[in-house]
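Notes for the one structure printed next.
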Amino acid sequence: QTIYLADYTPYGFIIDSVALQFDLDPHITRVKSAIAFHPNPEATDPTFLLNGENLKLISAKIDGKPVTPKFTAEGLTCDVPDGPFLWEAEVEIDPTGNTALEGLYMSNGMYCTQCEAEGFRKITYYPDRPDVMAVFTVTINGPHPVLLSNGNPISTDTHSAQWHDPWPKPAYLFALVAGDLVAHPGSFTTKSGRDVALNLYVRPGDEGKCAFGMQALKDSMKWDEEVYGREYDLDLFNIVAVDDFNMGAMENKGLNVFNSSAVLASPATSTDMNFERIEAIIAHEYFHNWTGNRITCRDWFQLCLKEGLTVFRDSQFTSDMRSAPVKRIGDVIDLRARQFPEDQGPLAHPVRPASFQEINNFYTATVYEKGAEVIGMLKSLVGDQAYSDAVDLYFDRHDGQACTIEDWLKVFEDTTSRDLTQFKRWYSQAGTPCLSVTEDWDHGKLTLNFKQHTPPSAATPDPQPQVLPIAVGLIDQDGDEVEPTVVLEMTQAEQSFVFDNLGTRPIASVLRGFSAPVVLTQDLSDADRAHLLAHDTDPFNRWEQGRILARKSLIAMILEGKNPNKDWLQGIRAVIGDEHLDPAYRALMLGLPSQSELARALAEDGHTPDPDIIYAAVETTSDAMAKSYANLVPTLYMRHTVTEAYQPNAAQSGKRALANAALSLLTRTDGGTAAQKQYDAADNMTQQLNALANLIRVGKGSTALQVFEAQWRNDRLVMDKWFGLQVTEADPEDAHEVVETLTKHADFNWKNPNRFRSVLGAFAANHAGFHHASGAGYRLLADWLIKLDPVNPQTTARMCSAFQTWKRYDANRQDMIKTELDRILAQPKLSRDTKEMLTRIRGA
Ligand code: ARG
Ligand code: ZN
C-alpha cells in the first residue's frame with residue numbers, strides 16, 4: 001500500500017492531554033492510557049481512528065463506558081460523542097518478543113523504546129502521526145532502580161516514577177527507559193540562567209566511557225545558544241546508551257536514546273573517528289530539540305525539514321569545533337559514497353519523497369545528507385546574515401507547530417524577497433545534476449559556459465534545471481588568486497558568466513567548497529589541475545584536483561594498463577611534505593577514491609566495471625605511492641607519531657591520521673615491521689586498530705588478532721571492530737570464507753544490529769570480495785537477509801541497498817544478483833520494509 005504526500009488531511013481530533021501508565025514485565029507489560037480528545041474544527045474527516053500494531057486490547061472505554069471498537073488494518077475505529085471525550089484503554093505488549101527494536105523492547109535486561117517513525121503504535125492505540133501533538137504524563141511501575149521518561153520527574157518512589165513533559169509533542173518523541181543503570185552526571189547553565197541537570201545513563205561497567213559524551217553535550221548546548229540563539233527548555237536532559245539499536249540515536253524530548261556505539265568512548269576502546277562521530281551525533285540529537293521537537297514535521301514526507309536542517313547544523317558545529325576544510329572534504333567523500341549511488345540508481349527519490357510504502361526506508365542519505373546540502377546551497381545563495389534572519393523568523397513563527405518545507409522556504413522568501421519557486425525543485429526532483437563547464441578566452445576576458453542536465457529517473461522522469469550556486473575563483477599562472485570566490489547563480493540549462501579585465505589567462509577554480517551536490521565535468525588539462533593542486537586557495541578544490549588526478553590515473557590504468565600518473569604523484573608529494581599544512585588535511589590528500597567510486601565513474605563513462613581489475617589497480621597505485629614517497633614516508637611517520645597523553649582533539653587526531661596514512665605506505669615496503677612495533681606499543685585504539693589493519697593486509701595479522709580478541713573479548717564495541725576489520729581487510733578472493741567463519745564465531749550475535757552490520761555490512765563494502773565472480777558473496781548476503789528479515793525488518797531492509805548498484809556490472813553478475821533478489825522476494829511473509837526495498841532495486 002502506497003501513501004502519497006498529495007493525500008494529506010489533518011487529523012479529526014485535537015488531544016488535550018495524555019496520561020500513560022506502564023506496569024513493566026518482560027513478557028506481559030500492561031499499558032493503560034487516558035487520552036482527552038476534542039474535535040478538530042479544521043478537519044474535514046471526522047473518523048475516530050487510532051493506530052495500533054501487535055497490541056492485545058484488554059479494555060476500552062469512552063467517558064467511562066466500555067466500548068467495542070472495530071479493528072482495521074491500521075488499528076481501530078470507534079463511534080465517539082460529538083464534543084470532547086475521554087478515551088481509556090488497557091493493552092498488553094511483549095517487550096522481550098520485540099526483536100524488531102521498534103516500540104518498547106528489551107536490550108540486555110533493560111527496557112527501552114524507539115518510536116520514530118511509527119513505533120508508538122506498538123505501545124498503545126494512538127493517533128501515531130507527527131501533526132498530533134500533546135502534553136504527556138507518564139507513570140512507570142517496575143522493580144528497577146532507574147525509571148525514565150520525557151520531561152521532568154514529578155515523583156519517584158522505589159518502584160514507581162511519574163514524569164511530566166510540559167512541551168506538546170508528537171508520539172514519535174515519546175521515550176521510556178527502565179533498568180539497572182548508572183548515571184554519569186553533569187550540569188549546564190543556560191545563558192538566561194536555567195540550571196539544567198545532565199545525565200548519561202549506562203550499564204554498570206561502562207562508567208569509564210561517559211566523560212567525552214558529556215563534554216560533547218555541553219559543547220553542543222553552548223554552541224546552539226551562541227550560533228542559533230537556541231536555549232534548552234527543561235530542567236533535565238538525559239541520554240541513555242543501549243546496545244541493541246537500529247540506527248545511531250534518537251532525539252526523544254529530554255530523553256535521548258543512543259546506540260552505545262554512538263555515545264560510549266574511551267581512548268583505549270575508541271578510535272579518533274569514533275570520537276568525532278560521537279561528538280557529531282550528540283550534537284545532532286541535541287540540536288533536534290529545536291529543529292525537530294519544538295518545530296516538528298506535519299507528516300513523514302517532510303522528514304528532511306528536521307533531518308536536513310539538523311545535519312546541516314551538526315556539520316557547522318563540527319566545522320567550528322574542528323577543521324572546517326577537513327570536515328567539508330569528509331562530508332563530500334561520504335556524500336559521493338552513499339548519496340550519489342542512491343540518487344543515480346533504482347532507489348533514487350527526491351529529498352522530499354512524494355510517496356512511500358514504509359517510511360523507515362526513507363531515512364536515507366538523500367533525505368539527510370542531500371537535505372543538508374540543499375540548506376547549505378540556500379545559505380550560500382542568500383548570504384550568512386539573511387540565512388540567520390530567516391532562521392530566526394522560522395523559530396519565532398513556527399515554535400510549537402508541525403511544519404512543511406513550504407513553511408521553511410516561506411521564511412526565506414519573506415526575509416529576502418526572493419522567489420524560491422525554482423529552488424524548491426531541490427526538494428521535489430530526484431537525481432544528481434551533471435554540470436559541465438567550458439571556457440572562452442579573448443583578450444583579458446574569460447567566459448565560463450555552463451550546462452546542466454539531470455538524468456531522468458523513475459521518481460523524476462522529466463527533470464527541470466536546478467538553481468545552482470557555483471562558487472568560482474581564479475588562480476593565475478604564478479599561483480596567485482586574481483579573483484576571490486564569487487558565487488555564480490545558475491538557473492538555466494545553459495548559462496555563461498564573464499570575468500573581465502584579466503591580464504594573462506587564469507585557471508578557473510570551479511565549484512569551490514563543493515558549493516552544489518552535482519557531478520562536475522571541467523575540461524582542464526592535467527597540468528592545470530596539478531597547478532590548482534599546488535596553489536588553489538580553496539582547500540576543498542585543492543584536495544579535489546588531487547582526487548580527480550588520482551581517479552584519472554586509476555581509470556587509465558584500469559582501461560589501458562597505464563602506469564600511475566607521475567605529475568599526480570609529484571603534486572601529492574609536495575602537499576604531504578608541506579609542514580605548514582594541517583596534518584589531517586595532508587592525510588586526506590593521501591587517500592584514493594574507493595573501489596566503488598571507481599566503479600561508478602567507469603559506469604558513468606559507459607564502461608562495465610570489473611571489480612577484480614579495479615582492486616588490482618588500487619593496489620598497484622598504492623604500491624607506487626609507497627615506492628615513490630619511500631624517502632619521505634618514514635619521516636612523516638616519525639614526525640607525526642603522537643607521544644603525549646592521548647587526547648581525542650582535532651590537533652592530535654590529525655597527526656595520528658597522517659602518521660597512520662604514512663604507516664600504511666610504510667607497511668608496503670617494510671612488510672609490517674613498523675606496524676608490529678606500533679601494535680605492541682599502542683596505548684589507544686586508534687594506534688592499535690590501524691596497526692592491526694596493516695598487519696592483516698600483509699598477511700601477518702593472525703597473532704595480533706588473537707591477542708586482540710583475548711584482550712577485548714568482553715567489550716562489545718571493541719569486538720565489533722575485531723569482527724569488522726577482518727572483513728574489511730580480507731583479500732577479496734577469500735572474503736566470503738572469512739565472513740562464513742566469523743558468522744560461526746560464538747560471539748556472532750546476529751540479532752544485535754551492530755554485530756550484524758560489523759560483519760555483513762563490512763562485507764557489502766568489500767567491493768571486490770562482495771562482487772566475487774562466483775556469486776558466492778551475493779548468495780551469502782542473501783542468506784543472511786532472509787534469516788534476519790523476520791527478526792528485524794528495518795536492519796534487513798537497510799542492508800538491501802548493498803544490491804542497489806547491480807545494473808553497473810556485467811551480465812553474469814547481474815543474472816546472479818537477480819536470482820538472489822528473486823529468491824529473497826519469494827520468501828513467504830517477507831516484511832513490508834524489505835519487500836519495498838527489493839522491489840524498487842529489482843525494478844520491472
Ligand atoms: N531521528 C533520528 C535521528 O536522525 C533517527 C531515527 C530513525 N529511526 C528509524 N527507525 N527510522 O537521529
Ligand atoms: Zn536526526
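The values are calculated or read from the model by the stated rules, or taken from the named source; none is laboratory data. What you see is a predicted model; the values in this text were computed from it and never measured. Positions of Cβ are generated from backbone atoms using ideal geometry, with glycine treated the same way; all protein chains shown enter the neighbour counts.
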Quiz item: Give me the pairs: first residue in the range 140-163 and over 21 Å from residue 109 (Cα atoms), second residue modelled with pLDDT under 95, beta-carbon distance under 8 Å, and six or more apart or on different chains, which are they?
Solution: 162/155; 162/156
Quiz item: Looking at 730, 746, 661, which one is in a loop (DSSP other than H, G, I, E, B), modelled with pLDDT of 95 or more and within 26 Å of the chain's Cα centre (by Cα)?
Solution: 730
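Results for (1) within 30 Å of residue 527 (Cβ to Cβ); (2) surrounded by fewer than 21 Cβ atoms within 10 Å (Cβ to Cβ); (3) at pLDDT 95 or above, shown as yes or no for each residue.
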site	(1), (2), (3)
410	no, yes, yes
414	no, yes, yes
425	no, yes, yes
441	yes, yes, yes
454	no, no, yes
463	no, yes, yes
Quiz item: Based on what the data block shows, is residue 486 under 35 Å from the mean Cα position of the chain (by Cα) and without any contact (Cβ under 8 Å) to a residue 40 or more places away in the chain?
Solution: yes
Quiz prompt | Which listed residue, of 721, 655, is touching a helix residue (DSSP H, G or I) at 6+ places or on another chain (Cβ under 8 Å), of a type in the set (Lys, Arg), assigned to a helix (DSSP H, G or I) and under 20 Å from residue 762 (Cα atoms) | solution = 721
Quiz item: Out of all the residues in the range 783-800, is one or more away from ligand 1 (no atom under 16 Å from the Cβ), within 24 Å of residue 753 (Cα to Cα), in a loop (DSSP other than H, G, I, E, B) and out of contact with any Ser or Thr (no Cβ under 8 Å at 6 or more places or on another chain)?
Solution: no
Exercise. Among the residues of the range 263-303, write down those that are under 19 Å from residue 115 (Cα atoms), more than 11 Å from ligand 1 (Cβ to nearest atom) and in a helix (DSSP H, G or I).
Key: 301, 302
Quiz prompt | Residues satisfying the stated conditions in the range 207-260, i.e. surrounded by 19 or more Cβ atoms within 10 Å (Cβ to Cβ), in a helix (DSSP H, G or I) and within 16 Å of ligand 2 (Cβ to nearest atom) | solution = 216, 217, 220, 224
Exercise. Considering (1) surrounded by fewer than 20 Cβ atoms within 10 Å (Cβ to Cβ); (2) more than 26 Å from the chain's Cα centre (by Cα), say which one residue 772 fails and leave the rest.
Key: (1)
Exercise. Residue by residue through the range 638-658, note down the ones that are crowded, with 16+ Cβ neighbours inside 10 Å and farther than 14 Å from residue 578 by Cα.
Key: 641, 642, 646, 648, 650, 652, 653, 654, 656, 657
Practice problem: May I ask you to say which residue of 571, 591 is outside any helix (DSSP H, G or I) and either modelled with pLDDT of 95 or more or buried (at least 19 other Cβ atoms within 10 Å of the Cβ) (or both)? | Solution: 591
Quiz item: Can you name the residue in the range 789-842 that is among the acidic types (Asp, Glu), touching a residue at least 40 places away in the same chain (Cβ under 8 Å) and over 19 Å from residue 751 (Cβ atoms) and, of all such residues, is surrounded by the most Cβ atoms within 10 Å (Cβ to Cβ)?
Solution: 820
Quiz item: Out of (1) over 37 Å from the mean Cα position of the chain (by Cα); (2) assigned to a strand (DSSP E or B), the odd one out for residue 41 is which?
Solution: (2)
Practice problem: Give the residues of the range 27-62 that are among the charged types (D, E, K, R) and within 17 Å of residue 88 (Cβ to Cβ), sorted by residue number. | Solution: 30, 32, 56, 61
Quiz item: Given the conditions (1) away from ligand 2 (no atom under 16 Å from the Cβ); (2) part of a helix (DSSP H, G or I); (3) in contact (Cβ under 8 Å) with a residue 24 or more places away in the chain, and given that residue 334 satisfies all but one, which numbered condition is not satisfied?
Solution: (1)
Practice problem: State whether one or more residues within the range 78-85 are over 19 Å from residue 7 (Cα atoms), among the acidic types (Asp, Glu) and loosely packed, with under 12 Cβ neighbours inside 10 Å. | Solution: yes
Practice problem: Scan the range 181-212 for residues that are hydrophobic (A, V, I, L, M, F, W, C) and either more than 17 Å from residue 256 (Cα to Cα) or touching a Pro at 6+ places or on another chain (Cβ under 6 Å) (or both) and report the count. | Solution: 1
Quiz prompt | Qualifying residues in the range 264-286 (those that are over 15 Å from the mean Cα position of the chain (by Cα) and not small (Gly, Ala, Ser)) - the one farthest from ligand 2 (Cβ to nearest atom) | solution = 267
Practice problem: Taking residue 180 as the residue in question, decide whether it is farther than 18 Å from residue 38 by Cα, surrounded by fewer than 20 Cβ atoms within 10 Å (Cβ to Cβ) and modelled with pLDDT under 95. | Solution: no
